[in-house]
1. For the range 38-43, in order, what is each residue's ³J(HN,Hα) by Karplus, 6.51 cos²θ - 1.76 cosθ + 1.60 with θ = phi - 60°, in whole Hz (x at glycine and Pro)?
2. Rounded to the nearest 500, what is the 222 nm mean residue ellipticity of the chain from helices alone, with -39500 (n - 2.57) per DSSP H run of 4+ residues and division by all residues?
3. Mind jotting down the distance between the C-alpha centroids of the range 230-284 and the range 302-379, whole Å?
4. On the principal axes of its Cα set, how long, how wide and how thick is the range 212-263? Give whole Å, largest value first.
5. So for the chain, taking the charge dipole from beta-carbon charges (+1 Lys/Arg, -1 Asp/Glu), which of Ala311, Gln18, Val68 sits furthest toward the positive end?
6. With point charges of +1 on the Cβ of Lys and Arg and -1 on the Cβ of Asp and Glu, referenced to the Cα centre of the chain, which listed residue (Met151, Asn245, Leu282) lies farthest in the positive direction of the dipole?
7. Would you tally the net charge around Arg126, using a Cβ to Cβ cut-off of less than 11 Å, leaving Arg126 out, and scoring K and R as +1, D and E as -1?
8. Students often get this wrong, so check it: of Lys198/Lys266; Lys217/Lys266; Lys198/Lys376; Lys217/Lys265, which have C-alpha atoms separated by over 25 Å?
Amino acid sequence: MIPHARPVMSDKESLYLQECVTTNFVSSVGPFVERFERQVAEATGTTGAVATSSGTTALHASLLTVGVGRDDLVVLPSFTFIASANAIAHCGAMPWLMDIDAETWTLDAVLLRRALERDTRREGDRLIHAGSGCRVAAIMPVHTLGVAAEMDALRRIADDYRLPIVADAAAALGATFRGRSIGAMGADLSVISFNGNKTVTAGGGGMIVGNDAALIKRARHLTTTARAGEEYAHDEVGYNYRMTNLQAAVGCAQMDRWREMVEAKKRIRRRYDEAFGNHPSLSTLPDPADRESACWLSGIRLRTSILTVRALRDRLRAEGIETRAFWQPVHLQAPYRLAPATEMPVTESLWQTILTLPCSTDLSEADQARVIDAVKGAI
C-alpha cells in the first residue's frame, strides 16, 4: 500500500529520544521543549513561540489570549477541519461561519467585509452581531492545505473593526504570502500543528507563534496552569496544555530538516500538477501567484459526473493506493448547524469533489507515477 501522508523519521529522532530517557527529562519540562520553540519561531519569522499538547489546544489558548470568551462569535471559514471550530467552542464561543474564495479556498475577505458592514453594529467597544446579539470577538482565517489566506485584506478589515486575528496555520509551515513568512503576514497569533500527518511532526502537539511579547507571555501563562510563582499559587483558571520533552525531541529532529521536507512536498505537488493540470476531467489544488503554498497535501478535484470521489477512492484502494476525501464543512457538522453562517456556494460546490493523494515526503517518483497512472486509468 502506498500510504497517504505518513511521518518520515531519521536516525536523529531515536538519538534525541534516547537523550530524554538517559537524562530523565521525559515530561513537560526539558531542554528539547525550549529548543523546539526556538526552531519554530525562527522558521516562522516570529520572535516568540509556545509549545502545546496539540494544535487544537494551541488554538484554544490563542483565542483566550486575545480575549475571546463565553457567548462571543469568531469569524471562521466553514471550509476547514472541525478542530478549528472546536477550539472556538472550547472558549464557550460560537463560530460565525463564512464561505471561501473560489481561487484560493481560504476565507473570502470581500464577503467578510460585506457581512460585517451589513450584520454588525458598534456598541461602545463591542462589535455586536445583529442576528444573535453576540459580540464578534476575533477573526480566524485558515491557511488551507498550506495556502495562506488573503492576509493583507483581512488585516485591514481587522483594524477597521478593531478585531484580533488568530490564524489557523496548522499546515502552513514554510508557506509565504507576498514573500512574507507566517510571522509577517499580519496575524496577532498563528498556530502550527505537529500532528502525525503534518509535514513536520512531533507525533502530536502544536505551537503558538507571534511577535507580540505580551501575548506570547499570556499564552504561556494560560497553557502552564496559570501558575503565579514558585509556590503552588494560581491566579486564574489555567490549562495543562504543555508539550512533553519526548514530543519536542521528535519535533527538534524533524525541524533540523524542515526545509528539505517542505521542498519534497513541493516537488510532489509539481509532479501531480504537471500530470493533471490539463486533464479535461480534473483540476489541481490552488496555487495563487502571490503566495507560495507549503503544499502539505496534494490532490485533485474531479470535474466529471462519470466518477465520484468515493468510487475513485475505492478503486485506488483496490490498487494499493491510500487516498483521503476532503473534510465535511463545519456548517454541515451536527454541533454547528445552528451557528450563524453566510451562504456557502463555493464551499458546497467544492468539498465533495476533492481527493487528496499520497504525498509523504519520502514518496518515490516510481510510486508517484503509479498513483498518476492509476488515477488516469480510473477516469
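1. Once rounded to whole Hz, the list reads 5, 5, 6, 4, 5, 5.
2. Working: 12 runs with 139 residues, N = 379.
That calculation yields -11500 deg cm²/dmol at 222 nm.
3. One Cα centre to the other: 20 Å.
4. 45, 26, 16
5. So the residue we want is Ala311.
6. It is Leu282, whose Cα lies furthest towards the positive end.
7. Values: positive: Arg121, Arg122, Arg135, Arg162; negative: Asp72, Glu123, Asp125.
Spelling it out: positives minus negatives among the neighbours equals +1.
8. Numbers: Lys198/Lys266 14 Å; Lys217/Lys266 34 Å; Lys198/Lys376 27 Å; Lys217/Lys265 33 Å.
Exceeds cut-off: Lys217/Lys266; Lys198/Lys376; Lys217/Lys265.
Where a number appears in this text, it was derived from the coordinates with a stated rule and is not lab data. Being a predicted model, the structure only gives us computed values, none of them experimental. Cβ coordinates were reconstructed from backbone atoms using ideal geometry, including for glycine residues, and neighbour counts include every protein chain displayed.
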